[in-house]
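Written out below as structure tokens is the structure these notes cover.
The values are calculated or read from the model by the stated rules, or taken from the named source; none is laboratory data. Model, not experiment: these values are computed from the prediction. Virtual Cβ from ideal backbone geometry, glycine too; neighbours counted across all protein chains shown. Heavy atoms of the whole protein, side chains included, go into the accessibility calculation; ligands, DNA and RNA do not. Shrake-Rupley method; radii C 1.70, N 1.55, O 1.52, S 1.80 Å.
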There are 2 protein chains.
Amino acid sequence: MQTLSKNQQIIFDLINKSPEPLKAYTILYNVQKKGIKAPLQVYRALDKLVEIGKIHKIESRNAFIACHNSSCQVAKATAFSICEICEKVTEISNDSLSKYLANFKDKDGMKYIKYNLEFFGLCKKCKVK
Amino acid sequence: MQTLSKNQQIIFDLINKSPEPLKAYTILYNVQKKGIKAPLQVYRALDKLVEIGKIHKIESRNAFIACHNSSCQVAKATAFSICEICEKVTEISNDSLSKYLANFKDKDGMKYIKYNLEFFGLCKKCKVK
DNA sequence: TTAAGATTGTTATAATATAACACTATGTAA
DNA sequence: TTACATAGTGTTATATTATAACAATCTTAA
């Protein structure tokens, strides 16, 4: 568990307390009062936070959420469910799924240490409506 | 198998014959001689081609490849392997995997019709080097 | 034939992300 | 403690990816 730099901490705190994924420029607007003024400052912190597994990027949405999977030990094997109506995103932590994917071999017998899986559908609330 | 419009056909042909994923603006530069001059013309064709499953978007790369999975019947359940060195992308078509994911239920018992999975690693060639 | 829907062409602009350079802080080894 | 490497910061400029808005044209099914 490494210590975060000033900018990294500010940006992680913001993402961590957000109930929804945040986009880079939304983050920028929200940390300008804390002295982070330029996109690059945000992107650099985001890059690092992703690298150390504190946050994940939702690729299909260009947005970032804090890791809630086993205290951020799983930086390279990520799975999410995404509601196509309300855009709610939930990190999936499921042993069967992660084992299946970690052990998956393609037809060349090749294994992959890293993957990202995004499921799309309707969340409970949106399904009812 | 629906017929493609003029722009859709031009752009599909380009992507289909490319050995690697193509980015939108790379596509644009390559079809300008055929009269497609503006980004929006490219993006509109791409949107449609993705929608009907003729191509897929590689979300982590913002790039597009032609579907090679059972003649494009699987538009909503996609899996790829991506080499982190040479950026080679291969569509995975594996019955076990697609069945597993299609039947996956999260802890709320929820199923998802649509997913996108991207595996990362080194391709055969790059592994040897 | 005609009206709805899809597609096209065009200009402008929004949203997302990185290059390059100079400077500062921090940790580590001599 | 110095000095070196590494990581982080601040800044300006710019590259890359994607969409808004509007008018015109093509396609197709009743």
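Below are the figures for this structure:
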{"quantity": "Exposure of B:Val31 as accessible area (Å², to 10), given a probe of 1.4 Å and all protein chains", "calculated": "0 Å²"}
{"quantity": "Heavy-atom accessible area order for A:Asp106, A:Asp13, largest first, 1.4 Å probe", "calculated": "A:Asp13, A:Asp106"}
{"quantity": "Cα-based helix-to-principal-axis angle, A:39-51 vs chain A, degrees rounded to 10", "calculated": "40 degrees"}
{"quantity": "Carbon plus sulfur fraction of accessible area for chain A, probe 1.4 Å, in percent", "calculated": "50 percent"}
{"quantity": "Cα-based reach from A:Lys111 at 16 Å (exclusive), listing aspartates and glutamates while leaving out same-chain residues under 8 positions away", "calculated": "B:Glu84, B:Glu91, B:Glu118"}
{"quantity": "Size of charge dipole - the stretch A:6-66 - debye, nearest 20, with Cβ of Lys, Arg +1 and Asp, Glu -1, no other charges", "calculated": "240 debye"}
{"quantity": "Gaussian network model of chain B, springs between alpha carbon atoms under 10 Å - residue of B:Ser81, B:Ser96, B:Ser18 with greatest fluctuation", "calculated": "B:Ser96"}
{"quantity": "Subset of A:Lys17/A:Lys76; B:Lys48/B:Lys107; A:Lys107/B:Lys54; A:Lys33/A:Lys124; A:Lys57/B:Lys105 violating a 28 Å alpha-carbon distance limit", "calculated": "B:Lys48/B:Lys107; A:Lys33/A:Lys124"}
{"quantity": "Equivalent-ellipsoid semi-axes of the stretch B:1-124, from the Cα gyration tensor, Å, largest first", "calculated": "28, 17, 12"}
{"quantity": "Residue-normalised accessible area of the protein assembly as shown, given per residue in Å² at a 1.4 Å probe", "calculated": "58 Å²"}
{"quantity": "Average silhouette area of the stretch B:6-66, convex hull of alpha-carbon atoms, in square nanometres", "calculated": "3.6 nm²"}
{"quantity": "Convex hull of the protein assembly as shown built on C-alpha atoms - directionally averaged projected area, nm²", "calculated": "16.6 nm²"}
